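Okay, so here's the structure we're looking at.
FYI, it's all coordinate maths here, none of it is from the lab. Source: prediction; values computed, not measured. All Cβ positions, glycine included, derive from the backbone under ideal geometry; neighbour counts span all protein chains shown.
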Amino acid sequence: MSENKKEQKMNTNFASATVEIMLLGNEIQLGAVKDKIANTYFVKQYRDALSVSTPKGHLFIFDYGVVIAWGMSTTKKQQLLEMIENNVLQKVAQVESESFQFKVQEIDAVKMIDDELTIPDGSTLTLLSVSHALAQSATLERFESVAVSTIKNNAYLSQALAKTGKMPLGRKELSKLRGALFSIKSDILLHFNLLDTPEFFWEYPEQEQKYLTVSKYLDLKPRVELLTMKLATINELYEMLAAEQHHKHSSFLEWIIIILIAVEIVLFFVH
């Protein structure tokens, strides 16, 4: 039997009926994690994800910082997380997690109703197809949170500009704020491609519908469009600060010129 067919038919026993999605950080070094876990469990890499099979449960580790545990006991999940921990880059202050109930039934397609997943089988490919959508949702939620807090924390700037006609910040503060906004915007845009249809489905196109079903339920496409609008708002804030900083710099140069002319006039009359 070919390896792909084995993957299709492989079923997993589960210790629980819960799938948990955990955001650990910005990146997970899959190579190092694979070497460590492969000594104990069967591990296989699928492009940007590692598949870890355990006797009762399945774990998927995505290189962009998300881990998804299917039907695992708390003890086993914690054991694996400890093996991953040292290879997480830019860890979040507190692990963000979300969970759904799931069940396996002999149906034609994946279903998701009232936050409960129904999957046709427990094969690695089915679990991974659904996991891609769940992992993207967790990543998108992180970007949404950052964008919303950025807009909220800087709303006073546009309000002050509308009321007084000037920014309540000095040149140094403006430069720092511009740098912070640019960093936030760049970080989101750098990882924006993670929200596209995963390359995994180029190799397994027959699995894509499972991903699309969950993706639609989680509103990934509308949320990405809304995130794009929020990024545009952040960009407008950035441009507004840039214009204000340019204005302050120009005003500073004008005052220098005025002072120099005044000094020159005084020296002329003195001599």
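For the residue pairs 152/210; 111/152; 77/216; 176/216; 36/111, the alpha carbons lie more than 31 Å apart in 152/210; 111/152; 176/216; 36/111. Qualifying GluC sites (Glu not before Pro) in the stretch 113-210, where qualification requires a DSSP coil assignment and no more than 14 other C-beta atoms within 10 Å, comprise 199.
Summing -39500 (n - 2.57) over the DSSP H runs of n ≥ 4 in the chain and dividing by its residue number, what mean residue ellipticity at 222 nm do you reach, to the nearest 500 deg cm²/dmol?
Numbers: 9 runs with 152 residues, N = 271.
The helix contribution divided over the chain gives -19000 deg cm²/dmol.
Bridge orientation summary for the chain: considering DSSP beta bridges with both residues in this region, about 85 percent are antiparallel. Distances between placed amide hydrogens fall under 5 Å for residue 25 paired with 92, all partners being 5 or more residues away or on another chain. For the stretch 134-242, trypsin sites (Lys or Arg not before Pro) are listed when DSSP marks them as loop and at most 13 other Cβ atoms sit within 10 Å of their Cβ; the list is 166.
Computed from the alpha carbon atoms alone, the convex hull of the chain holds 169 Å³ per residue.
If you filter the stretch 55-85 for chymotrypsin sites (Phe, Trp or Tyr not before Pro), then keep DSSP loop positions with at most 15 other Cβ within 10 Å, what is left?
Nothing satisfies the criteria.
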